[in-house]
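In what follows, a single structure is set out as structure tokens and then discussed.
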Amino acid sequence: MQSKLLLVEDDPEIARVIRDLFLTEGYEVTWATTGLEGWEDFQQDFYDLVLVDLMLPEMDGFTVCRNIRWKSDVPIIIISARKEDEDKVEGLDLGADDYIAKPFSLAELKARVESHLRRWRRYHGVQTNDNKTVYAAGLTIYWDKIKVMVHEEEVALTAKEFDLLKVLAENPERVFSKGELYQHVWQQPDADGLHTVTVHIKSLRGKLADPVKEPRFIQTVWGKGYRFIGEPL
């Protein structure tokens with residue numbers, strides 16, 4: 001079974017060695033040279049595993065890991081010259097599955113990639129792939145169709161409103177700051193659109209008939225941001 005890897009590495013010598021290794025082994029490899037490029041590549045295609053450096057231009061590896069984990073459970077392996085325990089802990093806390101310090105053995109890297117892919121395939125072999133989620137209070141989200149229903153009536157959301165709802169609903173009870181939501185949905189490295197997030201959240205709540213004082217879906221956590229509190233049925 002051919003697997004697709006996303007390699008996010010700005011050092012061309014290291015990246016070519018890794019890419020050539022896995023191409024020789026029959027993998028399909030996409031190489032991104034910046035964190036922002038890697039994040040954009042991830043959103044445009046399906047990958048079985050991501051290899052990401054931490055020290056990257058435009059968007060650091062920690063942010064890449066966080067953004068990917070909001071969207072997917074795909075295995076992530078950090079490859080970095082930073083060997084401090086704090087960096088390893090932060091990377092793993094953000095959702096990475098493994099951490100390999102440079103310099104590293106190609107044989108070890110290959111073995112770890114294969115190990116994570118085996119676990120990933122076993123996991124998906126027993127999971128169902130529902131394309132919708134039904135919540136209490138009449139909300140239904142059709143993930144593949146990018147459609148939202150409230151009490152069996154379709155709600156006309158903009159693309160950004162749906163993306164905001166998707167980020168929140170896929171990470172229930174997790175509090176997202178306005179800056180994190182702006183960075184994820186608008187794909188900008190700098191969180192300078194906080195008012196934009198506020199306006200879109202207000203519009204989204206209005207369309208979902210979700211009052212601020214008694215929310216059923218999107219709750220404001222004062223001083224911190226927003227979280228999704230919908231109860232799946």
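Looking only at the stretch 72-83, decide whether some residue is farther than 30 Å from Gly26 by Cα and not assigned by TED's automatic domain parsing to the domain that holds Leu208.
Yes: the stretch 72-83 contains one or more residues that are farther than 30 Å from Gly26 by Cα and not assigned by TED's automatic domain parsing to the domain that holds Leu208.
Taking the stated definitions as given, is Gly179 within 24 Å of Gln44 (Cα to Cα), not charged (D, E, K, R) and not assigned by TED's automatic domain parsing to the domain that holds Phe62?
Judged against the criteria, Gly179 is a match.
If you take the residues in the stretch 90-108 that are out of contact with any Phe, Trp or Tyr (no Cβ under 9 Å at 6 or more places or on another chain) and part of a helix (DSSP H, G or I), which one is modelled with the lowest pLDDT?
Among those residues, the one meeting the criterion is Asp93.
So is Leu194 closer than 15 Å to Glu161 by Cα and either surrounded by fewer than 17 Cβ atoms within 10 Å (Cβ to Cβ) or touching a Cys at 6+ places or on another chain (Cβ under 9 Å) (or both) or not?
Yes, satisfied.
Considering the stretch 2-18 alone, what residues qualify as being assigned to a strand (DSSP E or B) and buried (at least 18 other Cβ atoms within 10 Å of the Cβ)?
Leu5, Leu6, Leu7, Val8
Just to be sure I understand, how many residues within the stretch 128-181 are surrounded by fewer than 17 Cβ atoms within 10 Å (Cβ to Cβ), without any contact (Cβ under 8 Å) to a residue 24 or more places away in the chain and touching a strand residue (DSSP E or B) at 6+ places or on another chain (Cβ under 9 Å)?
Here the count works out to 13.
Residues of the stretch 28-73 being crowded, with 19+ Cβ neighbours inside 10 Å and not in a helix (DSSP H, G or I), which ones?
Hits for the stretch 28-73 are Val29, Ala32, Tyr47, Asp48, Leu49, Val50, Leu51, Val52, Asp53, Leu54, Leu56, Met59.
Scan the stretch 208-228 for residues that are touching a residue at least 40 places away in the same chain (Cβ under 8 Å) and surrounded by fewer than 16 Cβ atoms within 10 Å (Cβ to Cβ) and report the count.
3
List every residue pair whose Cβ atoms lie under 9 Å apart, where the two residues are 6 or more positions apart in sequence or sit on different chains, the first residue falls within the stretch 11-33 and is in contact (Cβ under 8 Å) with a residue 60 or more places away in the chain and of a type outside the set (Ser, Thr, Tyr), and the second residue, located anywhere, is in a loop (DSSP other than H, G, I, E, B) and surrounded by 13 or more Cβ atoms within 10 Å (Cβ to Cβ).
Partner pairs satisfying both residue conditions: Ile14/Asp53; Ile18/Glu9; Leu21/Tyr27; Phe22/Ser3.
The values are calculated or read from the model by the stated rules, or taken from the named source; none is laboratory data. Model, not experiment: these values are computed from the prediction. Don't worry about glycine lacking a Cβ; one is built from the backbone with ideal geometry, like all the others, and counts go over all protein chains shown.
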